[in-house]
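The values are calculated or read from the model by the stated rules, or taken from the named source; none is laboratory data. Treat the numbers as computed from the prediction; the structure is a model and nothing was measured. Don't worry about glycine lacking a Cβ; one is built from the backbone with ideal geometry, like all the others, and counts go over all protein chains shown. In case anyone asks, the SASA skips ligands and DNA or RNA and just uses the protein heavy atoms, side chains included. Shrake-Rupley method; radii C 1.70, N 1.55, O 1.52, S 1.80 Å.
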Amino acid sequence: MSENENVIAPGSRVVMHYRLAMEDGNVVDSTWDDDEPIAFVIGDGTMAAGLDDALQGLKTGDHVTLHLAPDQAFGEKDTSNIHAMPREEFDPQMPLEQGMVIGFTLPNGDELPGMVLEVEEESVLVDFNHPLAGHTIMFEVLIL
């Protein structure tokens, strides 16, 4: 087996441990927590495209921490993904608070999370951007 057969490229099957953290070190997700590595194929949609791209060129045994700017990871916040919704569309018993995440069911049955930004008497401002959009992240990986 030649050395470059273990180098990650589009379509490569990858088994790895990872830790995803905000710039302040707050851990968002980690496979080390449950001691189970993740297995996926580069480009299959398991990881955000920017994370797939960041892994390319790494090889078995690499243990690195990558600092990824928003455009390299989950993108910048898109203001067109922030919507004011009538308060009457929400369950009146639901205590809406700034920062809470609500799952919205799309017409095709998929669920889309939205974060409440502001609650007014008549409307609720909801952000449908990925929660990590606009943030620089630390992506620590151990390629198995």
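What to note about this one:
- The single residue among LEU20, LEU51, LEU96 that is part of a loop (DSSP other than H, G, I, E, B), open to solvent by less than 40 Å² (accessible area, probe 1.4 Å) and either within 19 Å of HIS135 (Cβ to Cβ) or modelled with pLDDT under 95 (or both) turns out to be LEU96.
- For HIS83, the test of being outside any loop (DSSP other than H, G, I, E, B), at pLDDT 90 or above and either hydrophobic (A, V, I, L, M, F, W, C) or open to solvent by 90 Å² or more (accessible area, probe 1.4 Å) (or both) is failed.
- Residues (touching a strand residue (DSSP E or B) at 6+ places or on another chain (Cβ under 7 Å) and exposed (fewer than 12 other Cβ atoms within 10 Å of the Cβ)) located in the stretch 30-48: ALA39
- From GLU76, GLU89, residue being of a type in the set (D, E, K, R), without any contact (Cβ under 8 Å) to a residue 40 or more places away in the chain, surrounded by fewer than 15 Cβ atoms within 10 Å (Cβ to Cβ) and on the phi < 0 side of the Ramachandran plot: GLU89
- Among the conditions (1) at pLDDT below 95; (2) loosely packed, with under 11 Cβ neighbours inside 10 Å; (3) touching a strand residue (DSSP E or B) at 6+ places or on another chain (Cβ under 8 Å), GLY61 misses just one, which is (1).
- Answer residue from the stretch 99-121, given it is loosely packed, with under 12 Cβ neighbours inside 10 Å and among the charged types (D, E, K, R) and is nearest to ARG19 (Cα to Cα) among those: GLU111
- When the residues of the stretch 116-144 are filtered to those that are in contact with a Gly (Cβ under 7 Å, 6 or more places away or on another chain) and assigned to a strand (DSSP E or B), the one that is nearest to HIS63 (Cα to Cα) is ILE143.
- Breaking point among (1) open to solvent by less than 30 Å² (accessible area, probe 1.4 Å); (2) at pLDDT 95 or above; (3) under 30 Å from SER12 (Cα atoms), for VAL124: (3)
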